[in-house]
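A.B. asks: Got a structure here, written out as structure tokens. Questions coming.
The values are calculated or read from the model by the stated rules, or taken from the named source; none is laboratory data. As the structure is a computational prediction, the values presented were derived from the model and not from experiment. The accessibility values were calculated without ligands, DNA or RNA, using every heavy atom of the protein model including side chains. Shrake-Rupley method; radii C 1.70, N 1.55, O 1.52, S 1.80 Å.
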Amino acid sequence: MRKVIASAVGLMLAGGVAATTASAVENQFGGYWRTRAFVQDEFNQDGESYGRIDSRTRLYYTAKFNDGFKFVNKFEFDYNWGSEPLGDVGTDGTVFEIKHSYADFTLGNVRTKL
């Protein structure tokens, strides 16, 4: 009798693992890419002109497991074209940043972000 119960429990556990690994995940991507260029001509005391092109890319990725549970991630890449350091755009001075990363889920009637 113990062998039958142990076999039944083992099959239920194996079936539960197979059911959870076969669940679908919806991948959602978004974001934007901005490039700007500006030139400062004959504005320095030495009479040299100055020009720069920089870009900012923001990538949004959400892994949605179901309507009540998802992971949200937002990344940012900054870079100057043709110069170092690459991330010297704005005040942060970094190339790669994780802007947001959290789990969004529902517990009963309460929406929770962690």
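A.B. asks: What residues qualify as long-range amide H neighbours of GLY31, i.e. H under 5 Å apart, gap of 5 or more or another chain, H built at 1.01 Å from N?
C.D. replies: Excluding prolines and chain starts, which carry no amide H, the hits are TYR60.
A.B. asks: What residues qualify as long-range amide H neighbours of VAL95, i.e. H under 5 Å apart, gap of 5 or more or another chain, H built at 1.01 Å from N?
C.D. replies: Sorted by chain and number, the residues that satisfy this are GLY87.
A.B. asks: Would you rank VAL110, VAL39, VAL95 by solvent-accessible area, highest first, keeping every protein chain in place and using a 1.4 Å probe?
C.D. replies: The most accessible residue leads, giving VAL39, VAL110, VAL95.
A.B. asks: On to the next question. Read phi for every residue in region 63-80 and hand back ³J(HN,Hα) as whole Hz from Karplus 6.51 cos²θ - 1.76 cosθ + 1.60, θ = phi - 60°, with x for Gly and Pro.
C.D. replies: 9, 9, 7, 7, 5, x, 8, 8, 9, 10, 9, 9, 10, 9, 10, 10, 7, 9
A.B. asks: Work out how much length TRP81 to PHE96 would gain on full extension: take 0.36 nm times their residue separation and subtract the Cα-Cα distance, in nm to one decimal.
C.D. replies: This chain segment gains 3.9 nm when fully extended.
A.B. asks: Need one value: the accessible area of LYS70 in square angstrom, 1.4 angstrom probe, rounded to the nearest 10.
C.D. replies: It works out to around 60 Å².
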